[in-house]
Every structure is written in C-alpha cells, then in structure tokens.
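Just below is one structure, and these are the notes that go with it.
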Amino acid sequence: MANETACAGRVERLRKIMADRGYDAVILRNNPDLRWLTGAERTFDDEVAHTAFVTARHQFLHTDSRYYNTFCERLGPNTAWEIDQQIVDAAAWAADRARDARARVVALEDTCTLGFYDDFQTALAARSAAVLTPRLHGDLVKLRAVKDSEEVALMRAAQKVTDEAFTHMCGYIKPGMTEQEIRAELENYMLSHGGEGLSFGTIIASGPNGANPHAQPGPRKVQRGDMIVMDYGCVVSDYHSDMTRTVCLGEPSEEQRHVYDVVRQAHEECAAMARAGVVGKDVYDHSVKVISEAGYGDFYKHGLGHGVGVEIHEQPNFNRANTEPVPAGAVITIEPGIYLPGKFGVRLEDFGLVTEEGYEPFTESTHDLVAIPC
C-alpha cells in the first residue's frame, strides 16, 4: 500500500512549483515520476500507459484495464487520486481535464513526446480551449533528487540484499567458472533473497575485461590471479541499489594491490568531502587529483557518482559538469576506478545519503581487497 503521507508531501512540493510559476495544472506521463508521485509500487513497466493531471485541488490519473485494478489495490480506497480507465486517447483525456478545470496554463513534463504534445494541442483546439502549454524543464527530476524517509528505507533494504549477495559470491567463485556463470549465480541470489528485480545488467568483468568499465559478462573463465569487477544491484519496491566491488582470485600481485589502494584512497577521501552544499564538480575533481598524482590519470575517465532512486541514474552527479551544490537528502554513488588495458581494472562503489553532516553510505561491505582462496 502506498505511503499516503509521503506521497502527499511529494504532491505538495509539485504544487508549490505550480503556484510559484502560475500553472493551473500539470500533465505527467513519465513512469518514474508517476511512481514517485503516486507511491504505486510494482505497478509500472516499460509502457507509457498512464497520464496524471494535477491541479491545486485535484489529482487525476488515467490508465487502462491492464493496470487499473493494480492501481486501486496499491493506492487504497482513501487515495487522493481520482483514477479512471476511460477508453480514450491520453491527449484527449488530458484536454477534457483542462477544459473541465477551466485551466489557462497547463505545463507539460518535458519527457512528454512531441507526438503527445501535438495531439494535446489538437484536442484543445477541438474543444475550443485556449490554453498556454509551457514545459516543466526537468523540475520533477530535481524534486526527486531530494529523498524522503520512505525512499531512504527502501534503498537501504535493497542494499542489504546487495551486501548479502557479495558475501555469498566471495564464497562461491572458483577458478574455471565463466563470467556468465558468476553473473547467473549473483542475480539468482539477489532475486531469491528479497530482490524484486535487477537494477541494471550485472557487470562481471575478469582479468583484462575489467579494464572496460561497462564490460558485458561473457564466456571467459576466471583464473588464479584475476581481478574480478562485480558491479550490480537489485530493486525493492521500485527503488534501486548500486554497488561495485573488485576482488582477486587468489593473492593479488604488488601492482594489483597498489592500484586497489589508490582507488580506495580516492573513494574514501571523496566520501569524506561529501556533504550538503558541496559542489559536485569539486568532489569529482578531487578523485581525479588523487588518481592522477598516483600516475593513473589517463586510466580514469568516467564520472565519480550519480544519483539513485526510482531510476538507477538520477540527479545529482559528482562529475565535471555539475557546478551546483548537492542538496541534503540526495542519494548518490561514489565510484572511482582505474582501468589498465590488457591487464585489469579496479572500481570501488558505495551509495548513500548526503546530509548536512556528511555522507552516510548504505553499503556495508568491506573496502578491504578480498582475496578469494583458490
């Protein structure tokens, strides 16, 4: 059942933007935004099948028969949402709501397609409704960047499963297993121990494959002396976890241990910097500084971290492009890495909550380099 108090708070945050901008209503169709706003867990899939029309006093939600009963169950009989499954085109439905509300300024979420926008304009004209239709320009994404207590609790739950999976895998991996076999066991463990889905396609990258940050698991068999990068996560009630650990199969070489120590230093120093008000670029720049001073600057090119929530990649970011202060309540990853072509790669990733006092990682797995006996 949706948390009515949490969701009411989210709707009020949206209505404050509406009041500040002079919007009579907004139209939302992006599934992650609708999940965040309604609280209807395990309801949305890949189809754009729902439309919300929110005014200062009413919350309308249009869906179809495939989802209607689920929405009613998830939102409960006392929901503030007025749900219907009227058999009508979404743009025509929204135009009817605008006409009936006598709305003069109706903002559309900027994730709406041009096709929907054009259909909405046509439907308004057919109803002789004169309506201004500005765009929201990422406002919902910015609202979602600040998590409430319910969201934090769900991500902590997802990370608990993810941490337990790491412990399991450290006792499971053996020489001769393929990356795909390791992936299958890891994903099966999460889905069998509380995970309701996968955050993304699991990365298992061994030996030289680990030098490719987004390597796809394949038929390569892991062998003694391999560094193995495991980047994975699971979903609980639509909220994601995200974690990377790099282990060594057998005892690491001096070079492997040194590279790991540099990545760990970058991670932990950046985590110590992270707090509300810090500029995302500054934290990223520090990770570059640590890795470059160790002589590996040419082998670290990706961003340091990204927001996590109902989507695996959200705002804010720790990267070179983010010159804005990070807000309290953001949930964000810290994941520096070094990737040596033809040799191996190392990445160390936690995710956690940014507060006024600092950074509270949800991740509990060790930062020590784990050497798997073989």
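The values are calculated or read from the model by the stated rules, or taken from the named source; none is laboratory data. The structure presented is a predicted model; accordingly, all values stated were derived computationally and were not measured. Backbone-built Cβ (ideal geometry, glycine too); neighbour counts: all protein chains shown. Side chains included, ligands, DNA and RNA excluded: accessible areas come from the protein's heavy atoms. Shrake-Rupley method; radii C 1.70, N 1.55, O 1.52, S 1.80 Å.
Hey, any hits in segment 271-278 for a residue that's at pLDDT 95 or above and either more than 23 Å from the chain's Cα centre (by Cα) or among the polar types (S, T, N, Q) (or both)? Checked segment 271-278: no residue is at pLDDT 95 or above and either more than 23 Å from the chain's Cα centre (by Cα) or among the polar types (S, T, N, Q) (or both). At least 3 residues being closer than 17 Å to residue 255 by Cβ and out of contact with any helix residue (DSSP H, G or I) (no Cβ under 7 Å at 6 or more places or on another chain) is the threshold, and among the strands (runs of 3 or more DSSP E) wholly inside segment 322-374 not one reaches it.
Of all residues in segment 193-215, those being touching a Gly at 6+ places or on another chain (Cβ under 8 Å), open to solvent by 50 Å² or more (accessible area, probe 1.4 Å) and over 17 Å from residue 337 (Cβ atoms) number 1. Annotation: of all residues in segment 304-321 being touching a strand residue (DSSP E or B) at 6+ places or on another chain (Cβ under 6 Å), free of Cβ contacts under 8 Å to residues at least 60 places away in the same chain and outside any strand (DSSP E or B), the one that is surrounded by the most Cβ atoms within 10 Å (Cβ to Cβ) is 304.
Can residue 274 be described as surrounded by 15 or more Cβ atoms within 10 Å (Cβ to Cβ) and either acidic (Asp, Glu) or under 28 Å from residue 330 (Cβ atoms) (or both)? For residue 274, the condition - surrounded by 15 or more Cβ atoms within 10 Å (Cβ to Cβ) and either acidic (Asp, Glu) or under 28 Å from residue 330 (Cβ atoms) (or both) - is met. If we keep just the residues of segment 122-145 that are open to solvent by 70 Å² or more (accessible area, probe 1.4 Å) and within 19 Å of residue 31 (Cα to Cα), which is modelled with the highest pLDDT? If we take residues in segment 122-145 being open to solvent by 70 Å² or more (accessible area, probe 1.4 Å) and within 19 Å of residue 31 (Cα to Cα), then 142 is modelled with the highest pLDDT. Pairing residues of segment 279-292 that are over 17 Å from residue 348 (Cβ atoms) with residues that are assigned to a helix (DSSP H, G or I), at Cβ distances under 8 Å and at least 6 apart in sequence or on separate chains, gives 282/273. Against the numbered list (1) touching a residue at least 60 places away in the same chain (Cβ under 8 Å); (2) open to solvent by 10 Å² or more (accessible area, probe 1.4 Å); (3) within 15 Å of residue 81 (Cβ to Cβ), residue 25 comes up short only at (2).
Residues that are under 26 Å from residue 322 (Cβ atoms) and either in contact with a Pro (Cβ under 9 Å, 6 or more places away or on another chain) or small (Gly, Ala, Ser) (or both): does segment 244-255 have at least one? So far as segment 244-255 goes, no, none of its residues is under 26 Å from residue 322 (Cβ atoms) and either in contact with a Pro (Cβ under 9 Å, 6 or more places away or on another chain) or small (Gly, Ala, Ser) (or both).
Can you name the residue in segment 341-361 that is among the small types (Gly, Ala, Ser) and under 19 Å from residue 272 (Cβ atoms) and, of all such residues, is surrounded by the most Cβ atoms within 10 Å (Cβ to Cβ)? Before you say what the answer is, go through the steps one by one.
Taking segment 341-361 first, the residues among the small types (Gly, Ala, Ser) are 342, 345, 352, 358.
Then drop every residue that is not under 19 Å from residue 272 (Cβ atoms), which leaves 352, 358.
Numbers: 352: 23, 358: 15.
Ranking the qualifying residues of segment 341-361, first place goes to 352.
Does any residue of segment 336-350 turn out to be within 20 Å of residue 160 (Cβ to Cβ) and either touching a Cys at 6+ places or on another chain (Cβ under 9 Å) or not aliphatic (A, V, I, L, M) (or both)? Yes: segment 336-350 contains one or more residues that are within 20 Å of residue 160 (Cβ to Cβ) and either touching a Cys at 6+ places or on another chain (Cβ under 9 Å) or not aliphatic (A, V, I, L, M) (or both).
Working only within segment 101-121, note down all residues that are surrounded by 14 or more Cβ atoms within 10 Å (Cβ to Cβ), over 17 Å from residue 63 (Cα atoms) and either touching a residue at least 40 places away in the same chain (Cβ under 8 Å) or over 32 Å from the mean Cα position of the chain (by Cα) (or both). Before you say what the answer is, go through the steps one by one.
Residues of segment 101-121 that are surrounded by 14 or more Cβ atoms within 10 Å (Cβ to Cβ), as a first pass: 101, 103-112, 116-117, 119-121.
Applying the additional criterion that residues be over 17 Å from residue 63 (Cα atoms) yields 101, 103-111, 117, 119, 121.
Result: 101, 103, 104, 105, 106, 107, 108, 109, 111, 121.
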